[in-house]
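Peer 1: This is the structure I have questions about; it appears just below.
None of the figures in this text is laboratory data; all of them are computed from the coordinates on show. Since we're looking at a predicted model, the values are computed, not measured. Here the Cβ positions follow ideal geometry from the backbone for every residue, glycine too, while neighbour counts run over all protein chains shown.
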Amino acid sequence: MVRLTIAVLLILAITTPEAAQQAEPSILVSRAQEVVERLVSGEVEPLLPTLTDRMKAAIDADGLRRIIFNLILQFGAFKSQDGARFEAQGVMRVVLVSCAFERANVEFRVAFDPNDRLAGLGVRPPEPTVAYSAPAYVTRGAFRDEAITIDAGGWPLPGTLTPPIGDGPFPGVVLIHGSGPNDRDESIGPNKPFRDLAEGLASRGIAVLRYDKRTRTHANRVMRLTFFTVKEEVVDDAVAAVQKMRETAGIRADRVFVLGHSLGGMLAPRIAVAEPSIAGLILMAAATKQLEQAILDQTRYLALLDGKVSPEEETAIAAVTKLAADVRALKASDPPIVAMGISAPASYWLDLRGYDPPAAATPLKQPMLVLQGERDYQVTMEDQAAWQRAIGSRANVQLKSYPALNHLFIAGAGASAPTEYARPGHVDEAVIRDIAAWITR
């Protein structure tokens, strides 16, 4: 649902005090390759004693196995390790291990602390080999970019304001990311949907503000928190961004909208309650299901993509079914739960328990535009139907779906799959045109 799983960071590294003596890089490379070998084999128990205390609190053996289950579901069977390289990143030392799966290549990020303990584990696609190029609907010279900082009480985030050229005042849109430690472009492989939206809308006379997410800019600080919810992850920064835009010269303070994608769309009603000045909500692939149910639905979908369910996929479905049951039985005192690659404390899951986005949107007075790609397997037409039932009869609400578009609102054909996100594309021009027309209307 809200997870853009091809680029998700799984566990964030945490720094610890310097050690007197450290292993040579070549030894860490060998250790990282062994870590990956144990992950793909499922024999993860020997890794547990090597974890930092914070990693031990964040993930257990089942959580480690779910990492590889998730990759197998997305990219098919593991084939080979294809090399590794060492990088020093402050006090952390990181080994990047390239691996080939049946349908895609990925890169494991294995981080060691100064005491040579396993302090972080991530998976990402290789760096894009194709440079981003603007879509045809972007008009160069029609807008400019300005550096801007969003700060919700001591959490400064770098961002970009993209206003049209001219005196204005212009209507404005604040872009709210989906799940995961996204950058301001919501980059997924070679695709940058938020940059497409910003430059496409600015070409049509609408100013756009986008910013790096808190879980990206302040990753280590966030991981130290024992209490963390979507308020801290998303809502507080979104409110600060709206307020910043309303105070910006050349922007109409009474015409600042919020555009939420995926998790951002799901939380848009909460953001509107926290900041009533918002002129309207644009929901793109806005999830309506409970998070654990959506994760389970995604797992089943991916397992059935090739028409059959392998033993490994059956194991993955069973593991996620157990995870969903664990989330539903969760208590505030329980340890963090790792799902679809994100480790979150009990407070995060409990905050979302019972949250019904369409019901939360029902009492809001603002106009809303609800957009959905019909090929989206993460947030589906079932979610769109829930929005239709709740608010579709209102005169100031418009719902629209696009038959060829996926979760990123990029066109494709056939059943959508995670590997599709690794192909370069752009947010469809019809989406840009429909949003611009709705705002100006």
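Peer 1: How would you order 223-234, 42-53, 399-410 from highest to lowest mean count of nearby Cβ atoms within 10 Å?
Peer 2: Per-residue Cβ counts within 10 Å, averaged per peptide and sorted highest first, yield 399-410, 223-234, 42-53.
Peer 1: Along the three principal axes, how long is the stretch 320-380 when you take its alpha carbons, biggest first, rounded to the nearest angstrom?
Peer 2: Taking max minus min along each principal axis of the Cα atoms, the stretch 320-380 gives 40, 30, 17 Å.
Peer 1: Right, here's the next one. How large is the helix-only mean residue ellipticity at 222 nm for the chain, computed as the sum of -39500 (n - 2.57) over DSSP H runs with n ≥ 4, divided by its residue count, in deg cm²/dmol to the nearest 500?
Peer 2: Taken over the chain, the calculation gives -9500 deg cm²/dmol.
Peer 1: Here is a follow-up. All other residues with a Cβ under 12 Å from the Cβ of GLU314 taken together, and with Lys, Arg as +1 and Asp, Glu as -1, what is their net charge?
Peer 2: 0
Peer 1: Can you find, among LEU281, SER262, GLN298, the residue sitting farthest towards the positive end of the charge dipole of the chain, where Lys and Arg contribute +1 and Asp and Glu -1 at Cβ?
Peer 2: LEU281
Peer 1: At q = 0.25 Å⁻¹, what is the base-10 log of I(q)/I(0) for the stretch 254-323 according to the Debye formula with one equal point scatterer per Cα and no solvent? Please give it to two decimals.
Peer 2: Result of the Debye calculation: -1.00.
Peer 1: Here is a follow-up. Output the 0 to 90 degree angle, nearest 10, between the alpha-carbon long axis of helix 25-41 and the longest principal axis computed from the alpha carbons of the chain.
Peer 2: Roughly 80 degrees, rounded to the nearest 10.
Peer 1: The stretch 63-160: which trypsin sites (Lys or Arg not before Pro) are DSSP loop and have at most 16 other beta-carbon atoms within 10 angstrom?
Peer 2: Qualifying residues, ordered by number: ARG103, ARG140, ARG144.
Peer 1: Enter the angle in degrees (range 0 to 90, nearest 10) between the Cα long axis of helix 291-303 and the first principal axis of the Cα atoms of the chain, meaning the one along which they spread out most.
Peer 2: 70 degrees
Peer 1: OK, next. Kindly identify the stretch 339-441 as rounded, prolate or oblate by the Cα gyration tensor criterion: order the square roots of the eigenvalues as a ≥ b ≥ c, call it rounded if a/c is under 1.5, otherwise compare a/b with b/c, prolate if a/b is larger, else oblate.
Peer 2: oblate
Peer 1: Right, here's the next one. Using θ = phi - 60° and the Karplus relation 6.51 cos²θ - 1.76 cosθ + 1.60, list the HN-Hα couplings for the stretch 165-177 in order, rounded to whole Hz, with x at every Gly or Pro.
Peer 2: 6, x, 7, x, x, 10, x, x, 10, 9, 8, 10, 5
Peer 1: Using Stokes-Einstein with the Kirkwood hydrodynamic radius over Cα pairs, what translational diffusion coefficient do you get for the chain at 10 °C and a viscosity of 1.306 mPa s, in µm²/s rounded to a whole number?
Peer 2: 71 µm²/s
Peer 1: With the convex hull built on the Cα atoms of the stretch 239-294, state its orientation-averaged projected area in nm².
Peer 2: Averaging across all directions leaves 3.9 nm² for the Cα convex hull.
Peer 1: If you average 1/r across every pair of different Cα atoms in the stretch 176-280 and take the reciprocal, what Kirkwood value do you get, in Å?
Peer 2: Taking every pair of different Cα atoms in the stretch 176-280, averaging 1/r and inverting gives 14.4 Å.
Peer 1: I want the local charge near LEU161. Using Cβ-Cβ distances under 10 Å, sum +1 for each Lys or Arg and -1 for each Asp or Glu among the other residues.
Peer 2: Residues close to LEU161 contribute a combined charge of +1.
Peer 1: Then there's this: Describe numerically, in nm with one decimal, the distance between label points set 7 Å from Cα along Cα→Cβ at SER310 and at THR226.
Peer 2: In this crude label model, SER310 to THR226 measures out at 4.2 nm.
Peer 1: Along the stretch 152-158, what does the Karplus equation 6.51 cos²θ - 1.76 cosθ + 1.60 (θ = phi - 60°) give for ³J(HN,Hα), rounded to whole Hz, x for Gly and Pro?
Peer 2: 9, x, x, 10, x, 10, x
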